[in-house]
Amino acid sequence: MGIIKRGLFAGLKTTWALSKIIFPITLIVVILQYTPVLPWIIQFITPFMELIGLRGEAAIPLVLGNGLNLYAAIAGILSMDLSVKEVFILATMLSFSHNIFIETGVALRVGVKLWIVLVVRFGLAILSAIIINLVWRGGGEMAKYGVATATQHIPNGWGEIVYLGLQKATFGVLHLAVIVIPLMVIIQYLKEKNYLQKFSKAIGPFTKIIGLKPNASLTLVAGLITGLAIGAGVMIQAVKEDGVSKKDATIAFIFLVACHAVIEDTLIFIPLGIPILPLFLIRILTAFILTIIVAFIWNKAHQTKQEDVVTS
């Protein structure tokens, strides 16, 4: 009973910490969606769309996906007539860069620097789009969507807009709580029964490949399966209780910003009529390669610094 109580307390504490980010940001972004701000942003980035093989109106799902979430982006895509190549480019970009305000907020809460999160997410999104546009010569046929677009009620007046924002923000926090609290109870149980140590040893070779210590393994698994916000919740506990270093926290999050919620975030693109296996492989391979490179450079720089201290 004591384990469950401690797990519930940890879950509530983590949910509260993350809800202070998720609630206000969701509310603000939903309200901005019904102001001139969203059209202004779309108009601003439209001239850059040709560089990544997209037409100007494709800016709409990109803005919706980054401002809100992948479901909003998919709704935007379903309202357009796009080629398979264009939809695949959008899906790849949005896989790397979506829900940017909330997920950047939770990354900052863990201690990852703002510029690292933004450079990695937007950098990967833009670079992947350029490469796909240059390399893939096919995909010119029109995409055949597997579902019909759901009609969304447009709020009438500021009262309904604010109400919709409060509704979505509250749902976001409740959705987080439903996942985080049971997860923290399970983690507390595994921790106190020493199963986590065994688990860390089992995936030690995996964490070693990407330059992490075993105590950061749980964060990777949680984020990889459930998402960046949940990974952040686990990481907050790990930094406090398991002694995860700032370096390992940053490297783990670099991996996760490139590849998180990998099953759900890949499967939801199925109705768009694009090949999802290449999308899945692109995310996994990019996360591995990027993290290995960053860890190598970081370790090399640290080693050089230590050698300079010794010689001086």
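The values are calculated or read from the model by the stated rules, or taken from the named source; none is laboratory data. The structure presented is a predicted model; accordingly, all values stated were derived computationally and were not measured. Positions of Cβ are backbone-derived with ideal geometry, glycine not excepted, and every protein chain shown enters the neighbour counts. Just so you know, the surface numbers come from the protein's heavy atoms only, side chains and all, with ligands and any DNA or RNA stripped out. Shrake-Rupley method; radii C 1.70, N 1.55, O 1.52, S 1.80 Å.
Quick look at the numbers
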{"item": "Table column - 3J(HN,Hα) (Hz), the stretch 301-309, Karplus curve with 6.51, -1.76, 1.60, x for Gly and Pro", "result": "5, 5, 5, 4, 5, 5, 5, 5, 5"}
{"item": "Among 108, 164, 302 - extreme Cα towards positive end, dipole of the chain, charges at beta-carbon", "result": "302"}
{"item": "Carbon + sulfur, % of accessible area of the stretch 165-239 - ligands and nucleic acids excluded, 1.4 Å", "result": "73"}
{"item": "Interchain or long-range residues, amide H under 5 Å from residue 83's placed H", "result": "143"}
{"item": "Difference of contour (0.36 nm per residue) and Cα-Cα distance, residue 311 to residue 141", "result": "54.9 nm"}
{"item": "Amide H within-cut-off set for residue 273, under 5 Å, with H built and near neighbours excluded", "result": "146"}
{"item": "Filter on 113/213; 246/300; 113/240; 193/240; 113/300 - keep pairs with C-alpha separation over 28 Å", "result": "none"}
{"item": "Pair residue 270, residue 160: separation of 7 Å Cα→Cβ label points (nm)", "result": "3.4"}
{"item": "Potential lengthening between residue 281 and residue 303 on full extension [0.36 nm per residue; Cα-Cα distance subtracted]", "result": "4.7 nm"}
{"item": "Highest average packing first - 68-78, 273-283, 297-307, Cβ atoms within 10 Å", "result": "68-78, 273-283, 297-307"}
{"item": "Per-residue ³J(HN,Hα) for the stretch 260-271, Karplus 6.51 cos²θ - 1.76 cosθ + 1.60, θ = phi - 60°, Hz, x for Gly and Pro", "result": "9, 6, 5, 6, 4, 5, 8, 5, 5, 8, 4, x"}
{"item": "Per-residue SASA entry for residue 141, accessible area with 1.4 Å probe, Å² rounded to 10", "result": "110"}
{"item": "In nm, spacing of pseudo-spin labels at residue 208 and residue 20 (7 Å Cα→C-beta vector)", "result": "3.9"}
{"item": "Contact order relative to length of the chain, as percent, for alpha carbon pairs under 8 angstrom and 6 or more apart", "result": "24"}
{"item": "Phi to ³J(HN,Hα) by Karplus 6.51 cos²θ - 1.76 cosθ + 1.60 over the stretch 66-77, Hz, x for Gly, Pro", "result": "6, x, 10, 7, 5, 5, 5, 5, 5, 4, x, 5"}
{"item": "Mean accessible surface per residue for the stretch 198-312, computed with a 1.4 Å probe while every protein chain stays in place, in Å²", "result": "48"}
{"item": "Degrees, to the nearest 10: 100-110 long Cα axis against longest axis of the chain", "result": "10"}
{"item": "For the stretch 237-311, the spread of Cα positions along each principal axis, largest first, Å", "result": "60, 28, 11"}
